[in-house]
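Working notes for the structure below.
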Ligand code: MN
Ligand code: MN
């Protein structure tokens, strides 16, 4: 059954009797198909115990070429992470992540160190070149061709997020791989050039190309400047945080602030020592976490008495499926900083304190079998970060 047929089939099945539907549905959600996310029991999440939701990304070997590397966290490394994949990439001066596209995922990135230049092409022929500093982010819609290069004399390091956990950075569509396998006669006709023009082109995927350092100012494209209506760049940390608390602060870039970012919301969360991002869940998205600095404890609640805690250090990744309860606590002696990605352009969360505050004391008294007076002492608003 093709994905299209499957979706059509499921749309029809949804109207059928529940018992019949359950017997007809496949027992596993399909890669990248978010249309019925969380509606089909996932065998990995249906066991007596919750699976691990942590992966030591920076400790993994990844793919190394010269002094550049790409390390990935997909379902192969972290099986629970079906909705989001991530990559840590470092590019040395003079090196470039070559022209490529991703057939199955949009790309979102946060720059940690150094400077990066990108170019991206859109189906309408618009192209944009941008230079990025630490704290800046980019978003490339699914399938749009792009390249990334290191600017200046220092290496650059950034974290990439893809809205599909089955996506592999090492399975992208690269321009050298394509041209290296197409007949030279075909290329000659395509470009209106003699076949000899393509002699000596790479025969296999280059991945990280190495050459001269790029010019300080981006040079004019062959077609001239033809800028898209929406920019692919957003200076997230150059803005004030959208929310500040005694125990920390949060920057958030969803599609209301970063218009083109229709399928990914990015967050930077700072927590002071002992501070807690309170128990909460996300009704409409999975969550992918990367520890930029610090030591944290992440809890996950999966119903039926299933509760799991993981401890993460710098360079570790965690993943929380859509709808699963969780919390994040700084358990180190230094402030911590997390990069968090959601596979939605419209952020939604429900915090436990807010939920409690949305109910009257008699309901809470009955629910917990405790006197109503106890619940008068509970917060009357959303706590978000405690204390
Ligand atoms: Mn890419
Ligand atoms: Mn969360």
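Below are the figures for this structure:
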quantity	calculated
Mean ellipticity per residue at 222 nm, deg cm²/dmol - from DSSP H runs of n ≥ 4 across the chain, formula -39500 (n - 2.57)	-3500 deg cm²/dmol
Per residue, the convex hull volume that the Cα atoms of the range 273-387 enclose (Å³)	116
Residue with peak Gaussian network fluctuation, the chain [Cα springs, cutoff 10 Å], from 121, 356, 264	356
Segments 45-53, 165-173 sorted - mean Cβ within 10 Å per residue, highest first	165-173, 45-53
Segment residue 333-residue 182, extension gain: residue separation times 0.36 nm, minus the distance between their alpha carbons	48.7 nm
Ordering of 185-192, 136-143 by burial proxy (mean other Cβ atoms within 10 Å per residue, highest first)	136-143, 185-192
Where labels lie 7 Å past Cα in the beta-carbon direction, separation of residue 376 and residue 222 in nm	7.6
Relative contact order, percent, the chain [alpha-carbon distance under 8 Å, six or more residues apart]	15
C-alpha center-to-center spacing [the range 210-243, the range 139-190] in angstrom	17
Relative contact order [Cα under 8 Å, 6+ residues apart], the range 178-222, whole percent	36
Distance cut-off 21 Å, percentage of C-alpha pairs in the range 94-237 lying past it	49
Binned Cα-Cα distance frequencies in the range 341-387 - 5 Å width, integer %	5, 20, 24, 17, 15, 9, 6, 5, 1
Principal-axis tilt of helix 3-13 within the chain, Cα atoms, nearest 10 degrees	30
GNM flexibility winner over the chain from 193, 312, 148 (Cα, springs under 10 Å)	193
Estimated Rh, the range 164-303: Kirkwood, alpha-carbon pairs, angstrom	20.7
Relative compactness, the range 52-161, computed as alpha-carbon Rg over 2.2 N^0.38 Å	1.07
Most to least packed among 195-202, 112-119 [average Cβ atoms within 10 Å]	112-119, 195-202
Kirkwood hydrodynamic radius of the chain, Cα pairs, Å	23.0
Relative contact order computed over the range 39-167 (Cα-Cα under 8 Å; 6+ residues apart), in percent	30
Length gained when the stretch residue 42-residue 59 is fully extended (0.36 nm per residue, less Cα-Cα span)	3.3 nm
Whole-angstrom Cα spans of the range 241-310 along principal axes, big to small	39, 29, 19
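Rule-based calculations on the coordinates, nothing more; no lab input. The model shown is predicted, which means the values in this text are computed figures rather than measured ones. We place every Cβ from the backbone using ideal geometry, glycine too, and count neighbours over all the protein chains shown.
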